[in-house]
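The values are calculated or read from the model by the stated rules, or taken from the named source; none is laboratory data. Since this is a predicted model, take the numbers as computed values, not measurements. Methodologically, a virtual Cβ is constructed for each residue, glycine included, from the backbone with ideal geometry; neighbour enumeration extends over all protein chains shown.
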């Protein structure tokens, strides 16, 4: 039989677990590292495989059910799946309370959610058209755009010291040269990458302000934004289907491997990877300043370029590419040193 002490310890166990989880969620180094690793490995693999999937006899796809292109389908899957995971996969089983909290936060995070949708959809289009390396190289401007938006919204006093600002230069230049001379350049894909870059920078700044305004946690903010983002994505898909019925019909009826939807296992992997990445992302943005976040995001994108190259191949890294990687990492190290 259980002793009184044992019963007391069992009753107090949940209380001891929650503070430990809270401590982990406020650990900047842990959250930042987990965000980088999950993005570079899990998200890069699942997202690229989803976008490039072509049905074969050994890996069959699923017949298209919705008249949408692959980039739109990925956005819909990501937002709906992440919202469901955010509501259900939680230590607190009170789902109704989380639904109510999410609905209450939606107005506050409406503007960041618009930027989230634009950043995600444009990123998917860019990945599909110009590939991993050029997509994320094009986003080396995120620290600079975030810097300009921060000055515009909060004034010069919000900037870090000059040494920290100077470290953004080698980070941006390093990422740009890490995949210089890439052969997959295409105007529409590059425009999508730059649109995603600008939207991501605006998301960094606006999300931080919204979270500080209401004191929302990273996961709670993420749930509210994907809820609004899902509504936007559904509205966009509906309008596109109505205004371009011929292209919608052909996407359903055309034969060919890429006109089949990816298998359920790959779709679920893409959703899970997205959910992990963005919960960690919004947890991290709550703990640091927008400029710090954008600098870390630049290093994360460098990791994605490298991992994507080794996962999916491509032209070998030249000496200039290797020097660019080293320059970006040196800039990140200098940022870490001067920011303390």
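Just to verify a result, which residue in segment 247-264, among those that are surrounded by 16 or more Cβ atoms within 10 Å (Cβ to Cβ) and at pLDDT below 55, is farthest from residue 102 (Cα to Cα)?
Among them, the one singled out is 251.
Which residues, taken from segment 323-340, are outside any loop (DSSP other than H, G, I, E, B), free of Cβ contacts under 8 Å to residues at least 40 places away in the same chain and over 14 Å from residue 298 (Cα atoms)? Quick ask: steps written out before the conclusion?
To start, the set of residues in segment 323-340 that are outside any loop (DSSP other than H, G, I, E, B) comprises 323-338.
Filter once more, keeping what is free of Cβ contacts under 8 Å to residues at least 40 places away in the same chain: 333, 336-337.
337 - this is the single residue of segment 323-340 that is outside any loop (DSSP other than H, G, I, E, B), free of Cβ contacts under 8 Å to residues at least 40 places away in the same chain and over 14 Å from residue 298 (Cα atoms).
Of all the residues that make up segment 205-246, how many are modelled with pLDDT under 85 and touching a helix residue (DSSP H, G or I) at 6+ places or on another chain (Cβ under 8 Å)? I'd like the intermediate steps shown before the answer.
Let us first name the residues in segment 205-246 that are modelled with pLDDT under 85, namely 240-246.
Right, trim to touching a helix residue (DSSP H, G or I) at 6+ places or on another chain (Cβ under 8 Å) and you get 240-241.
Matching residues across segment 205-246 total 2.
Before we move on, is residue 163 over 23 Å from the mean Cα position of the chain (by Cα), assigned to a helix (DSSP H, G or I) and touching a residue at least 60 places away in the same chain (Cβ under 8 Å)? Talk me through it step by step, then tell me what you get.
Details: over 23 Å from the mean Cα position of the chain (by Cα): yes; assigned to a helix (DSSP H, G or I): yes; touching a residue at least 60 places away in the same chain (Cβ under 8 Å): yes.
Yes: the conditions hold for residue 163.
Report whether or not residue 73 is crowded, with 16+ Cβ neighbours inside 10 Å, part of a helix (DSSP H, G or I), touching a residue at least 60 places away in the same chain (Cβ under 8 Å) and in contact with a strand residue (DSSP E or B) (Cβ under 8 Å, 6 or more places away or on another chain).
Details: crowded, with 16+ Cβ neighbours inside 10 Å: yes; part of a helix (DSSP H, G or I): yes; touching a residue at least 60 places away in the same chain (Cβ under 8 Å): yes; in contact with a strand residue (DSSP E or B) (Cβ under 8 Å, 6 or more places away or on another chain): yes.
When the stated conditions are applied, residue 73 passes them.
Does residue 176 satisfy the criteria of being touching a residue at least 40 places away in the same chain (Cβ under 8 Å), surrounded by 18 or more Cβ atoms within 10 Å (Cβ to Cβ) and more than 17 Å from residue 292 (Cβ to Cβ)?
Details: touching a residue at least 40 places away in the same chain (Cβ under 8 Å): yes; surrounded by 18 or more Cβ atoms within 10 Å (Cβ to Cβ): no; more than 17 Å from residue 292 (Cβ to Cβ): yes.
Spelling it out, it is not the case that residue 176 is touching a residue at least 40 places away in the same chain (Cβ under 8 Å), surrounded by 18 or more Cβ atoms within 10 Å (Cβ to Cβ) and more than 17 Å from residue 292 (Cβ to Cβ).
So, of the residues in segment 281-316 that are part of a loop (DSSP other than H, G, I, E, B) and touching a residue at least 40 places away in the same chain (Cβ under 8 Å), which turns out to be nearest to residue 177 (Cα to Cα)?
Filtering segment 281-316 down to residues part of a loop (DSSP other than H, G, I, E, B) leaves 288-289, 313-316.
Now narrow it down to the ones that are touching a residue at least 40 places away in the same chain (Cβ under 8 Å): 288-289, 314-315.
On the way: 288: 27, 289: 26, 314: 16, 315: 14 Å.
Restricting to residues being part of a loop (DSSP other than H, G, I, E, B) and touching a residue at least 40 places away in the same chain (Cβ under 8 Å), the top hit is 315.
So, residue 83, is that one buried (at least 17 other Cβ atoms within 10 Å of the Cβ) and closer than 26 Å to residue 212 by Cβ or not? Give the derivation first.
Numbers: buried (at least 17 other Cβ atoms within 10 Å of the Cβ): yes; closer than 26 Å to residue 212 by Cβ: yes.
Yes: the conditions hold for residue 83.
Might you let me know whether segment 146-156 holds any residue that is surrounded by fewer than 24 Cβ atoms within 10 Å (Cβ to Cβ), at pLDDT below 80 and more than 30 Å from residue 108 (Cβ to Cβ)?
For segment 146-156, residues surrounded by fewer than 24 Cβ atoms within 10 Å (Cβ to Cβ), at pLDDT below 80 and more than 30 Å from residue 108 (Cβ to Cβ): absent.
Please enumerate the residues belonging to segment 293-335 that are at pLDDT below 80 and closer than 19 Å to residue 204 by Cα.
Answer for segment 293-335, where residues must be at pLDDT below 80 and closer than 19 Å to residue 204 by Cα: 294, 295, 298, 332, 335.
Run residue 76 past the list (1) within 16 Å of residue 51 (Cβ to Cβ); (2) out of contact with any helix residue (DSSP H, G or I) (no Cβ under 9 Å at 6 or more places or on another chain) and report the number of the one that doesn't hold.
Every condition holds for residue 76 apart from (2).
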